[in-house]
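Below: one structure, written as structure tokens.
The values are calculated or read from the model by the stated rules, or taken from the named source; none is laboratory data. What you see is a predicted model, and the numbers here were worked out from it, not measured in a lab. Please note: Cβ atoms are built from the backbone with ideal geometry, for glycine as well, and neighbour counts cover all protein chains shown. Heavy atoms of the whole protein, side chains included, go into the accessibility calculation; ligands, DNA and RNA do not. Shrake-Rupley method; radii C 1.70, N 1.55, O 1.52, S 1.80 Å.
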Amino acid sequence: MEEWILAFNAKCGANVNQYGGGGSGKGITDFIGNQVDFAGSDSSLKPEQAASAKTDRCQGADAINLPLVTGPIALAYNLPGVDKLVLDGPTLAGIFAGTITTWNDPAIAKLNSGATLPSTTIQSVHRAEDSGTTENFTKYLKAASAGAWTFDPAKAWAAPGGIAAQASDGVAQEVKGREGSIGYLEWGYATDNKLSVAQINDGSGPVELTGESAGKAVAAAKVVGTGADLALKLDYATKEAGAYPIILVTYEIVCSTGNGDKLPLIKSFLGYAATEGQAVLASVGAAPLPAEIQAKVIASIQGLK
């Protein structure tokens, strides 16, 4: 968002304000509370949130979810001497639930034949605040762990133990400073901090996290929103060859109508983000939208009132 705002303001002579972070939960709350013109969230509106937005924010109109970014979730780890690490859904569920406690556990060793894994204690790191990244990661664990993950997917972390850290940057700093640690975080923070990232093997061989492998997973998503709403259902248990399954989609949430005198600027900025702005995503640890979804997003933005 910072990249988009700087580029858009320079290109168009506009004055879009700085984008405030704070997590998906805060973004949705601020939007419904009429504190922002649109809001970013790494998960689409829940039915009760959509109802509140319609009543309290959008003057009886629907709020819509517009996917603008494919955001891979990296599993960053700090394990000196282990340059390549392969994990899968059941082992990640065991690690983050606290049932797999050392790096040379047989379940991990089986996925990493020939590697020398230390007996170091595993320290898992999770988000402290409500987070769309947490919700999407726990959706993956629920779908891909063959029953090993027993907690319901949610923005709030539910499993006991582990280390809590604020935002993806906080997770990155904890992993960077703790030998034996592993945490889930937005890919860009892993690359910025030069952290090692695990490959994922959920049945079709180890898959390295790249923009292309994340894009393969989101291309298989189904639109479950109606009309201009483009909420997506991701297949976290995909076994498509070369697809990296632990992804999220970042939505911008906006009123479909009733945007008043802000409408031209909202349409212009979101339109830029959905077109030219897609080109910068790879440089910040994200991936562009597949063409077929991008076309639908552009049409929904053009239809805003």
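Quick one: dipole size for the range 208-264, taken about the Cα centre, charges +1 on Lys/Arg Cβ and -1 on Asp/Glu Cβ, in debye to the nearest 20. Let's see the in-between values first.
Values: 5 positive and 7 negative charges, 30 e Å.
With only Lys, Arg, Asp and Glu charged at Cβ, the dipole is about 140 debye.
Ignoring ligands and nucleic acids, what accessible area does Glu48 show with a 1.4 Å probe (Å², nearest 10)?
Surface accessible to solvent at Glu48 totals approximately 120 Å².
Of Ser283, Ser213, which has the most accessible area and how do the rest follow, probe 1.4 Å? It would help to have the intermediate numbers written out before the result.
Details: Ser283 95, Ser213 5 Å².
Heavy-atom accessible area, descending, gives Ser283, Ser213.
In Å, what is the Rg of the alpha-carbon atoms in the range 177-305, and how long is Dmax?
Both quantities, over Cα of the range 177-305: 17.0, 53 Å.
Strictly over 20 Å apart at the Cα level, which of Lys139/Lys239; Lys139/Lys296; Lys216/Lys296; Lys139/Lys216; Lys262/Lys305; Lys11/Lys296 would you flag in this model?
Numbers: Lys139/Lys239 16 Å; Lys139/Lys296 25 Å; Lys216/Lys296 18 Å; Lys139/Lys216 18 Å; Lys262/Lys305 10 Å; Lys11/Lys296 24 Å.
Checking Cα-Cα distances, Lys139/Lys296; Lys11/Lys296 exceed 20 Å.
Can you send over the carbon and sulfur percentage of the accessible area for the chain, probe radius 1.4 Å, protein chains only?
Numbers: 6570 of 13200 Å².
Result for the chain: 50 percent of the exposed heavy-atom area is carbon or sulfur.
Consider the candidate values (i) 1.01; (ii) 0.94; (iii) 0.98; state which one is Rg/Rh (Cα atoms, Kirkwood Rh) computed from the structure displayed.
(iii)
Relative contact order, percent, of the range 62-145 when contacts are C-alpha pairs under 8 Å separated by at least 6 residues? Before the final figure, lay out the partial values.
Working: 57 pairs, mean separation 28.5, N = 84.
RCO, the range 62-145: 34 percent.
Given 25 °C and 0.890 mPa s, how large is the Stokes-Einstein diffusion coefficient of the range 1-86 in µm²/s, with Rh as the Kirkwood radius over Cα pairs? Show your work: numbers first, answer last.
Values: Rh = 15.7 Å.
In µm²/s, the coefficient rounds to 157.
Given springs between every Cα pair under 10 Å in a Gaussian network model of the chain, which of Glu212, Glu129, Glu276 has the largest fluctuation?
Glu276
Looking at the square roots a ≥ b ≥ c of the eigenvalues of the Cα gyration tensor of the range 79-223, which shape do they give, rounded for a/c under 1.5, prolate if a/b is larger than b/c, or oblate? If you can, show how the numbers build up before the last one.
On the way: a/c = 1.23, a/b = 1.10, b/c = 1.11.
Rounded, because the longest to shortest axis ratio a/c is under 1.5.
Once amide H atoms are built 1.01 Å from N in the peptide plane, which residues 5 or more positions from Asn65, or in another chain, come under 5 Å H to H?
For Asn65, whose amide H was placed from the backbone, the distant partners under 5 Å are Leu230, Ala231.
Please work through the chain and write down the cysteines that have no neighbouring cysteine Cβ at a distance under 4.7 Å.
Isolated Cys, the chain: Cys12.
Share of antiparallel DSSP beta bridges in the chain, in percent to the nearest 5?
On the way: 24 of 32 bridges.
Restricted to the chain, the bridges split so that about 75 percent are antiparallel.
Suppose all protein chains stay in the model; what accessible area per residue would a 1.4 Å probe give for the chain, in Å²? Could you put the intermediate results ahead of the total?
Numbers: 13200 Å² over 305 residues.
With the other protein chains kept in place, the chain gives 43 Å² per residue.
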